[in-house]
1. Only residues that are farther than 14 Å from K347 by Cα and either at pLDDT below 85 or touching a strand residue (DSSP E or B) at 6+ places or on another chain (Cβ under 8 Å) (or both): list them for the stretch 454-470, please.
2. Considering only residues that are under 14 Å from I149 (Cα atoms) and without any contact (Cβ under 8 Å) to a residue 60 or more places away in the chain, look in the stretch 53-92 and name the one that is farthest from the chain's Cα centre (by Cα).
3. Suppose we filter E301, E259 for residues that are over 24 Å from the mean Cα position of the chain (by Cα), of a type outside the set (S, T, N, Q) and open to solvent by 50 Å² or more (accessible area, probe 1.4 Å); which single one remains?
4. Of (1) under 21 Å from P215 (Cβ atoms); (2) open to solvent by 60 Å² or more (accessible area, probe 1.4 Å); (3) modelled with pLDDT of 50 or more, K81 satisfies all except one. Which?
5. With respect to Y540, determine if the residue is modelled with pLDDT of 95 or more, among the aromatic types (F, W, Y) and closer than 26 Å to F338 by Cα.
6. If only one of Q275, Q283 is in contact with a Ser or Thr (Cβ under 6 Å, 6 or more places away or on another chain), surrounded by fewer than 24 Cβ atoms within 10 Å (Cβ to Cβ), at pLDDT 95 or above and assigned to a helix (DSSP H, G or I), which one is it?
7. Picking from Q526, Q575, Q569, which residue would you name as being in contact with a strand residue (DSSP E or B) (Cβ under 7 Å, 6 or more places away or on another chain), closer than 24 Å to S299 by Cα and open to solvent by 10 Å² or more (accessible area, probe 1.4 Å)?
8. Being open to solvent by less than 20 Å² (accessible area, probe 1.4 Å) and assigned to a loop (DSSP other than H, G, I, E, B) narrows it down to one of N176, N203, so name that one.
Amino acid sequence: MERAQLVCEFLLRRAISPRDRQPPLAGISTRYMLLLLYLLVKLNVVTTSPSLIADLSLAYFQSRDVRHLCYLSCNTYAETKNIVSNFIKQGIMTSVIMIDEENETLEPALKQSNIPLGLYLDASCMEAKPILTKASRNNLFDALHIWLIVNHAENKSNEKEFDAKNVFLNLNLSVNTDIVLADFRGEYYELIDIFNYGKIQGNGLELTRYGTWSPIYGINTYSNNYKYKDRWNFHNLTLRAVSVILERPKVFRPTMLTELGYTHGVSAMTKVVAQLLHVLMQQHNFRFNYTIVGRWIGSPERNSTLAVTNSLFWGEQDISCTCARIFPEWLNWVDVFFPATTTLETKFYYLIPDKGVGDYENRFLTPMSAGVWWCSCAAGALCVAVLAAAATLETRPEPHVYAFFSVFATTCQQEYEDGVQIIQESFSSQGRRLILLVVGLTSMLLYNYYTSSVVSWLLNAAAPTLQDLDTLMNSDLELIFEDIGYTRGWLDNPGFFYYSGHKNPKEDELRNKKVINAKRTVPLLQPVNTGIELVRTGAYAYHTEPYTAYQTISKTFDDTELCKLGSLQMMQPAQVYIMAQKRSPYKEFFVWSLMRLQERGHVRAAQGRVSGPTPACSGRTPRALALGQAAPAFALLAEATLLSALILVMEILWHRFTTGKAEGKLKLIKSKTSFIFKTIQKEI
């Protein structure tokens, strides 16, 4: 005010100076005009003229880059037209709502706006306070509605005084509220930012200095920071948070959600979210009042089972201290915060079957196992028996000793002679040669073909596990499930394809064949410890999350069982999101905060802390051979055996043919020779 007064006094002295070379009339007119300007400044009238108020509102909305404006006017139509024309000339699309005693409601278009909308209100209007009350009821104090309320000088000196604290104290404001009050301060207007970190949550009204406006200097803001940087400290705000524990404990401790390691009933994705939100709680000074439920997804109808989604839909909670996989239908109930905090996946865990016929890996023998050695011993005993019988027919002394040591020597890749010399070639042991051939073929089968097939299969082929839902349905495994919310939803709602995320007939077929119409020996829903123990019997396949399963598997399974453990992916890794009320006032803040945590590595760190142990087969325990995988090797052996037998038959036939032909020639020669001898004898 003093600066404006000094300017006017300076101009007035210049106007009455004798050096003024203007015409007298013009000089008098200028003097009178400047004198009038000086008096207006003294009377504090200049800063409250309608044109300057219009300049103030235009400057503010231009600084906020507002392109759409609604003017809540109580002026005459002529004054309203002049103000609106000023906005339109500057490229701001402006609509007008005349507020008077007959106007009971605001336009519905204000509530349905999806782009930032400026709202300009004169605090001197008689209907200003009722309009603000109606706006509060219609949830118009959010980030998409940018309010400017101008408090004139004359409002401070009469019964129409606008007391911001009393007016806004009972209105439904929150942390995303965007209200600026232009309060008259004499030579300038002070711009006051008005919001509340959470009126419903019990916090008080916040009044902070946003900046100033004056006719000479225009808009001057105190901070150019992002809105939530200036609203960093939430002043111990208490948010209502809902989380999920499978079996609600009698005594709940918040540390159950954030402590490292496995906690019974608390899923991995809940722990990741709890740790991230704990970081934000420390940074921004707010806290949670927890509500624990047993399911993530629940019907939005009243009197339904309490779950995360319907408690947010009913407005009973502010935010979820957990996350869930989201389907389009659920976006009508809740809002989600980006980015995703982690992923969710589920698997069936089972032991690879030891027997059975079909596509799910009928198994043969495990390398170096007792079965292999017993098969070798049985083949050797059979060879000893056959060789002993042959030696007995040959009247060898001690045929059983000869047979045993012959087979034993062949196994050691040596030769055995019992010291009996056979003089005539015709008495050499053909049975011995045959037995040695059999022993050689048996050794080749057990050593070369079998071990080479195992090695090649283990190095090149896929692991012997169930490959898809068809092989699972064709197996003898009985399905059991972890008692968890999304599993109950999948079991209770045919046609609900939670695991695939889209319509999948295989899911319905699996549910009908292996769940609804299956003969059961144990209850369908099992806790984790019991379910994993049933898996160890080899007759069951247990459905759960990897994080949950490995907490028990890592403590109870030995290396042999780990090598036999198989898994079938039921739900592919899917991103999960934190949820909040629909049109939550905290959405923008938490999205910004979660993106900061992701940029700084907090998300990955939380995932690493919660991931837990993932035990794997050491490789020292040999894995059983799948007969189907080694079938080509055994088929090749069978073909070679048949080819060998065919060659043997051909050799025998050829030998007989050549021997018979030679004998015939010999007889012919003998007959001719005898004929010649007889002829010679007659002649003699």
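1. V454, V455, S456, W457, L458, L459, N460, A461, A462, A463, P464
2. By that ranking, first place goes to C74.
3. On the way: E259 fails: over 24 Å from the mean Cα position of the chain (by Cα).
Result of the check over E301, E259: E301.
4. (1)
5. No.
6. Result: Q275 is the single residue among Q275, Q283 that is in contact with a Ser or Thr (Cβ under 6 Å, 6 or more places away or on another chain), surrounded by fewer than 24 Cβ atoms within 10 Å (Cβ to Cβ), at pLDDT 95 or above and assigned to a helix (DSSP H, G or I).
7. Result of the check over Q526, Q575, Q569: Q575.
8. N176
The values are calculated or read from the model by the stated rules, or taken from the named source; none is laboratory data. This one's a predicted model, so the numbers in the text were calculated from it and none came from an experiment. Cβ: placed from backbone, ideal geometry, glycine included. Neighbour counts: every protein chain shown. To get the accessible areas, we keep the full protein, side chains included, count just its heavy atoms, and leave off ligands, DNA and RNA. Shrake-Rupley method; radii C 1.70, N 1.55, O 1.52, S 1.80 Å.
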